[in-house]
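First comes the structure, then the notes that go with it.
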Amino acid sequence: MLELENVCFDYEQSHMRFNLAIEPGMLVAIIGPSGAGKTTLLHLVAGFETPLRGQIRYNGKDITGLAPGARPVSMVFQDNNLFAHLDVAANVGLGIAPDLKLDRAGRNEVSAALERVGLEGFAKRLPGELSGGERQRVALARVLVRNKPLLLLDEPFAALGPAMRADMLRLVSDLHVEKEMSTLLVSHQPEDARLVASHTAFLQNGEIGIFEPTNSFFAITDDADLEAYLGG
């Protein structure tokens, strides 16, 4: 279980405080207006930002002070965070060995991950030779070889068209189940939550105002902030 207890963070004039408990196996969509704190929430969990106070725990262990690399987390960004001078196989292999000294088992693992995300035969291509969706598939393949129990996705498919975005979300959902991960997905698209999320959280003014199973979440009719955000 991932728990955030009174995790506070200030950014310019924004004061944020997060309380959240993510059960194993949940796929949680995080939605809300720009500036609400969605990306900051992911960065706090990943260790890219340090809270002013509060505690982040995973399976009861305090991870608040751990460096990003020591946390049980993989993260996929909107820009996919690939190295342009490395081919696809090397970009994925970084998830196993930062020095890229892979043994045969490691190379086989990279090949299997690329096959799983539909990129068999792409190992020697450079990121610049790929489409946006293909680059995000490389980023997901790297998640597979890292084999971490928490997956954080910060609007990774925002630049894709609706059909491609839906395909990528379904792939994320499939990998989430296969690897038995807990997943947090930040999105500006409520339909993303409807498509794949087991639960949905609504962030407003730096706090989680609503956190419900997705079906229940979208049945809410008495919250003015949520209604304004959804355009109801």
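The values are calculated or read from the model by the stated rules, or taken from the named source; none is laboratory data. Predicted model, so just to flag it, every value in this text is computed and none were measured. Positions of Cβ are backbone-derived with ideal geometry, glycine not excepted, and every protein chain shown enters the neighbour counts.
Would segment 1-8 turn up any residue that is of a type in the set (A, V, I, L, M) and not in a strand (DSSP E or B)?
Yes, that holds for at least one residue.
If you take just the strands (runs of 3 or more DSSP E) that sit entirely in segment 27-91, which of them hold at least 1 residues that are surrounded by fewer than 16 Cβ atoms within 10 Å (Cβ to Cβ)?
It comes to 53-58.
If Asp192 passes every condition in (1) among the charged types (D, E, K, R); (2) over 14 Å from the mean Cα position of the chain (by Cα); (3) surrounded by 13 or more Cβ atoms within 10 Å (Cβ to Cβ) but one, which one does it miss?
(2)
Determine which member of the set Arg125, Arg142 is under 23 Å from Ala29 (Cβ atoms) and surrounded by 13 or more Cβ atoms within 10 Å (Cβ to Cβ).
After applying the criteria, what remains is Arg142.
Given the residues Ala159, Ala193, Ala163, which is the only one that is farther than 29 Å from Phe9 by Cβ and assigned by TED's automatic domain parsing to the domain that holds Leu226?
Ala163
Hey, among the residues in segment 136-160 that are part of a loop (DSSP other than H, G, I, E, B) and not basic (Lys, Arg), which one's nearest to Val177 (Cα to Cα)?
Pro149
Taking only segment 10-26 into account, find how many residues are under 18 Å from the mean Cα position of the chain (by Cα), surrounded by 14 or more Cβ atoms within 10 Å (Cβ to Cβ) and assigned to a strand (DSSP E or B).
Selection size over segment 10-26: 3.
One residue is enough: does segment 53-72 have a residue meeting the conditions touching a strand residue (DSSP E or B) at 6+ places or on another chain (Cβ under 7 Å) and under 30 Å from Leu130 (Cα atoms)?
Within segment 53-72, one or more residues are touching a strand residue (DSSP E or B) at 6+ places or on another chain (Cβ under 7 Å) and under 30 Å from Leu130 (Cα atoms).
Conditions first: (1) within 13 Å of the chain's Cα centre (by Cα); (2) under 22 Å from Val145 (Cβ atoms). Lys179 passes all but one, so which condition is the exception?
(1)
Would it be correct to say that Val7 is in contact with a His (Cβ under 6 Å, 6 or more places away or on another chain) and either aliphatic (A, V, I, L, M) or buried (at least 16 other Cβ atoms within 10 Å of the Cβ) (or both)?
no
Going through segment 184-208 one residue at a time, which ones are at pLDDT below 95 and of a type in the set (Ser, Thr, Tyr)?
Ser187
Just one of (1) part of a helix (DSSP H, G or I); (2) assigned by TED's automatic domain parsing to the domain that holds Asp223; (3) crowded, with 16+ Cβ neighbours inside 10 Å trips up Gly133, so point out which.
(2)
One line per residue, one yes/no per condition, for (1) without any contact (Cβ under 8 Å) to a residue 24 or more places away in the chain; (2) more than 12 Å from Ala29 (Cα to Cα):
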{"site": "Leu160", "(1), (2)": "no, yes"}
{"site": "Asp167", "(1), (2)": "no, yes"}
{"site": "Ser173", "(1), (2)": "no, no"}
{"site": "Thr183", "(1), (2)": "no, no"}
{"site": "Val186", "(1), (2)": "no, no"}
{"site": "Ser216", "(1), (2)": "yes, yes"}
{"site": "Thr221", "(1), (2)": "yes, yes"}
{"site": "Gly231", "(1), (2)": "yes, yes"}
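Look at Ala97 and say whether it is more than 22 Å from Ile30 (Cα to Cα), buried (at least 20 other Cβ atoms within 10 Å of the Cβ) and either free of Cβ contacts under 8 Å to residues at least 60 places away in the same chain or touching a helix residue (DSSP H, G or I) at 6+ places or on another chain (Cβ under 7 Å) (or both).
no
Can you give me the number of residues within segment 62-96 that are at pLDDT 95 or above and more than 24 Å from Ala139 (Cα to Cα)?
Residues in segment 62-96 being at pLDDT 95 or above and more than 24 Å from Ala139 (Cα to Cα): 3 in total.
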